[in-house]
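**Student:** Before I ask anything, let me first share the structure, which is written out below as structure tokens.
Nothing in this text is a laboratory measurement; each read-out follows from the coordinates by a stated rule. For clarity, every value in this text was computed on a predicted model and none was experimentally measured. Here the Cβ is made from the backbone with ideal geometry for all residues, glycine too, and neighbour counts use every protein chain on show.
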Amino acid sequence: MGSKQRIERHKEFIREQILNAALNIGIKSGWHALSMRKIAEVIEYSAPAIYEYFGSKEEILRELTRNGFILLTKQLQEAKSKFNNPLEQLRAMWKAYWNFSLSEQKRYQIMFGIEFTCCDFKKTLAESERAVSLFQGVIAEILHQNDAREATVQQYYYTFWSTIHGLISINLIRSDVPEEINTQVLSAAMESILDDMLAITASSSDNP
């Protein structure tokens, strides 16, 4: 391995240390407690040295957000791959989404600006679009629709997302919602939207 490769590997190692330290601070103390100084203390680096890798705390949060969407997309793909039927795929994907929000609560908070807005979402992350595309692709398959009816696909995606994200948000800011209630609401909401989608599909097939 050449000296240039060793330098690049060392830089990547430090960069990962910074991100891991930031994530751990967010998990333990909340995102408002995050600072370049605290990150430097955790990895035993000087604060000015941190700026060689990230220009600001916001850049670190944005990278953590990007990594969160990469992880979410991977879990959605894994859930989808377990089924061939698009209805079962969509159910599994939204359940995987729900489980991700529970296991990665602090990541989810910065990814979607719950209690803490970290990023300028006018600059859409490509990684977040991939997760959306996965959902919309399965929804389109269920509806048997093409690009000409893309608005309908988006409508159903946002119906699912606003309902499930709303329930997640409630759970992230409150800890007293019984698990049984969450399960019932999540299942009932998904099945209600799916029933509506299937009704539209049946109507379209009856009226070609």
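**Student:** Could you list all residues from the range 64-118 that are in a loop (DSSP other than H, G, I, E, B) and under 27 Å from H144 (Cβ atoms)? Walk me through how you get there before you give the answer.
**Tutor:** Our first condition is that a residue be in a loop (DSSP other than H, G, I, E, B); within the range 64-118, this holds for 82-85, 104, 113-118.
Passing the criteria: K82, F83, N84, N85.
**Student:** Within the range 38-84, restricting attention to residues that are of a type in the set (D, E, K, R) and more than 24 Å from Y108 (Cβ to Cβ), which residue is surrounded by the fewest Cβ atoms within 10 Å (Cβ to Cβ)?
**Tutor:** My answer is E44.
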